[in-house]
C-alpha cells in the first residue's frame with residue numbers, strides 16, 4: 001500500500017495540509033486545476049482582524065511547498081477517476097497543457113510584453129484589470145511561469161488581433177513557429193520555453209488517503225434592484241478588494257470605474273442575495289462578510305482619512321477572536337454602521353453617484369443616502385468543482401453543495417468514504433484562520449489512516 005496522500009486544492013487550506021503532512025515524511029501530491037497554487041487568499045489585499053498583507057503571509061508558504069522534497073505540485077490538473085483497491089486509492093489525473101515548458105520558463109515576462117492582445121482579467125471584474133493571452137496568474141505565482149490561453153493556441157482569438165491563428169494551429173513548423181510573437185520573444189531571451197505543440201498528459205498515482213480542500217468562491221449579485229448590472233459604480237466586495245490591492249489593476253488606488261476619480265463617499269451593503277430562492281442567492285449567512293466589509297472600510301480610511309464610509313447591515317457577525325475589537329476599531333475610525341435594509345438603488349445620470357433607498361430598522365423610517373461608490377457584500381458559495389468531484393470520489397454533498405462531514409462531532413472532517421477527508425472551504429463558509437486549523441487536523445487524519 002502506498003504511503004503517499006493526495007491533496008485536492010491548492011489554496012491556503014491545501015497548502016497547510018500538504019506542508020504538515022510532508023513534515024511527517026509523507027509524500028504529498030498537491031493538485032490544483034488552475035495555473036498556480038494560492039487560491040482566493042493570494043488575490044486578497046489584507047487579512048482580518050490584523051490587516052496583515054495577505055500575499056506576504058501566503059507567499060513564503062507557497063515557496064516552502066514548492067521546494068519541499070516530499071511535495072509534488074501538479075497545477076492545471078484535474079482528478080478524473082478514483083478507485084479504491086486493496087486499501088489504497090488509484091487516481092487518474094489529467095494535466096492540461098500550458099503550452100510552456102515548466103523547466104525552461106523563468107517568468108521573465110518578455111513573452112507577455114510581446115503579445116499583441118489584452119483581454120479582461122476575470123479576477124478583477126468591473127474594476128478594469130487586463131491580462132495578455134500569455135500571462136502569469138499573479139506576480140508571486142507558484143510555479144512562477146506563464147501560461148498560453150487555449151483560445152489563443154487554437155486560433156479563436158485571431159479576429160481580436162492574436163498572431164497565432166488557424167494557419168499555425170497544426171502546422172508542421174509549429175515547433176519553431178515563425179509568426180508567434182511570444183515564441184520569438186522567448187527565443188530572443190535564449191530560453192525556448194514556449195511549446196505550442198504541448199498536449200494534455202494522463203497521470204496515474206496510488207495514494208493511501210485523500211484530502212479535499214477545494215475552497216470557496218464569491219457569489220455573484222442577482223437581480224437588478226441594487227444596480228450591479230445597470231450602473232458602473234456598483235461593484236462587489238471582491239472587486240473592491242482588487243481596487244485596494246497594490247498588485248491590482250489600479251495599483252491600490254480606490255477609484256470609481258466610471259470616471260477613474262477617487263471615491264470619497266463609499267457605502268457597503270451586507271447580505272446581498274441572502275434568503276433569495278434557490279439558485280438566485282445564498283440561503284444562509286456566509287459568516288465572514290461582515291468582517292470583510294469592516295476590513296475594507298478601515299483600509300479605505302487608511303488610504304484617505306477624510307473618506308466617508310457607511311455599512312448597511314442586518315445583523316452584525318463578529319464571531320471570532322478579536323473580531324468585536326476589530327469592529328470597534330472601525331467605529332473609532334469614523335466608519336458609520338446603519339442597521340438598515342436597502343431596497344432600491346438608482347443613479348444620478350450627471351454625476352454617476354448612486355442614491356440608496358433603505359428602511360432604517362432602528363426607527364422604521366424610509367430614508368435615502370447618496371454615495372460615489374457602492375460595494376455589495378454578496379456572500380460565499382461552494383466551488384464549482386464540488387459536484388463533479390463528489391461523483392468521482394463517491395462522497396456526499398450537503399443540500400447547499402458543500403462536502404458533507406460523516407459526523408460533525410464524532411467524525412469531523414471525515415466523509416462517508418474511509419480515507420477521504422475534508423478541510424477549509426470544502427466544508428462551508430470559513431475564514432483563513434479556521435481553514436489552517438482544519439488543514440492541520442485533516443493532514444493528521446490522512447497521514448495516520450490505515451485501512
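The values are calculated or read from the model by the stated rules, or taken from the named source; none is laboratory data. All values derive from a computational prediction rather than experimental measurement. Cβ atoms come from the backbone with ideal geometry, glycine included; neighbour counts cover every protein chain shown.
Scanning the stretch 399-444 for residues that are surrounded by fewer than 22 Cβ atoms within 10 Å (Cβ to Cβ), over 22 Å from the mean Cα position of the chain (by Cα) and in contact (Cβ under 8 Å) with a residue 12 or more places away in the chain gives 405, 412, 414, 416, 417, 418, 419, 441, 444.
Here is a yes/no grid of residues against (1) within 30 Å of residue 296 (Cβ to Cβ); (2) in contact with a strand residue (DSSP E or B) (Cβ under 7 Å, 6 or more places away or on another chain); (3) modelled with pLDDT under 95:
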{"residue": "24", "(1), (2), (3)": "no, no, yes"}
{"residue": "28", "(1), (2), (3)": "no, yes, no"}
{"residue": "36", "(1), (2), (3)": "yes, no, no"}
{"residue": "62", "(1), (2), (3)": "yes, no, no"}
{"residue": "72", "(1), (2), (3)": "no, yes, no"}
{"residue": "86", "(1), (2), (3)": "no, no, yes"}
{"residue": "103", "(1), (2), (3)": "no, no, yes"}
{"residue": "106", "(1), (2), (3)": "no, no, yes"}
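The residues on offer are 223, 247, 252, and the sole one that is within 26 Å of residue 33 (Cα to Cα), out of contact with any strand residue (DSSP E or B) (no Cβ under 9 Å at 6 or more places or on another chain) and either in contact (Cβ under 8 Å) with a residue 24 or more places away in the chain or not in a helix (DSSP H, G or I) (or both) is 247.
Looking at 15, 5, which is the one that is buried (at least 22 other Cβ atoms within 10 Å of the Cβ), closer than 24 Å to residue 238 by Cβ and in contact with a helix residue (DSSP H, G or I) (Cβ under 6 Å, 6 or more places away or on another chain)? Walk me through it before giving the result.
Numbers: 5 fails: closer than 24 Å to residue 238 by Cβ.
Answer to the selection: 15.
For residue 231, the criteria (1) surrounded by 15 or more Cβ atoms within 10 Å (Cβ to Cβ); (2) in a loop (DSSP other than H, G, I, E, B); (3) touching a helix residue (DSSP H, G or I) at 6+ places or on another chain (Cβ under 7 Å) hold in every case but one, which is (3).
Of all the listed residues (325, 384), the sole one being surrounded by fewer than 19 Cβ atoms within 10 Å (Cβ to Cβ) and in contact with a strand residue (DSSP E or B) (Cβ under 8 Å, 6 or more places away or on another chain) is 384.
The strands (runs of 3 or more DSSP E) falling completely within the stretch 319-414 that include 1 or more residues that are modelled with pLDDT under 95 and under 30 Å from residue 444 (Cα atoms) map to 380-382.
For the stretch 52-68, the count of residues that are in the same structural domain as residue 387 (by TED's automatic domain parsing), crowded, with 19+ Cβ neighbours inside 10 Å and not in a helix (DSSP H, G or I) is zero.
Yes or no, residue by residue, for (1) closer than 21 Å to residue 326 by Cβ; (2) more than 22 Å from the chain's Cα centre (by Cα); (3) crowded, with 21+ Cβ neighbours inside 10 Å:
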| residue | (1), (2), (3) |
| --- | --- |
| 251 | no, no, no |
| 269 | yes, no, yes |
| 286 | yes, no, yes |
| 299 | yes, no, no |
| 306 | no, yes, no |
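Summed over the stretch 286-315, the residues that are part of a loop (DSSP other than H, G, I, E, B) and either touching a residue at least 60 places away in the same chain (Cβ under 8 Å) or over 13 Å from residue 377 (Cα atoms) (or both) give a count of 8.
Condition check ((1) assigned by TED's automatic domain parsing to the domain that holds residue 240; (2) part of a loop (DSSP other than H, G, I, E, B); (3) crowded, with 17+ Cβ neighbours inside 10 Å; (4) in contact with a helix residue (DSSP H, G or I) (Cβ under 8 Å, 6 or more places away or on another chain)) across all residues:
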site: 89; (1), (2), (3), (4): no, no, yes, no
site: 104; (1), (2), (3), (4): no, yes, no, no
site: 116; (1), (2), (3), (4): no, yes, no, yes
site: 122; (1), (2), (3), (4): no, yes, no, no
site: 139; (1), (2), (3), (4): no, yes, no, no
site: 143; (1), (2), (3), (4): no, yes, yes, yes
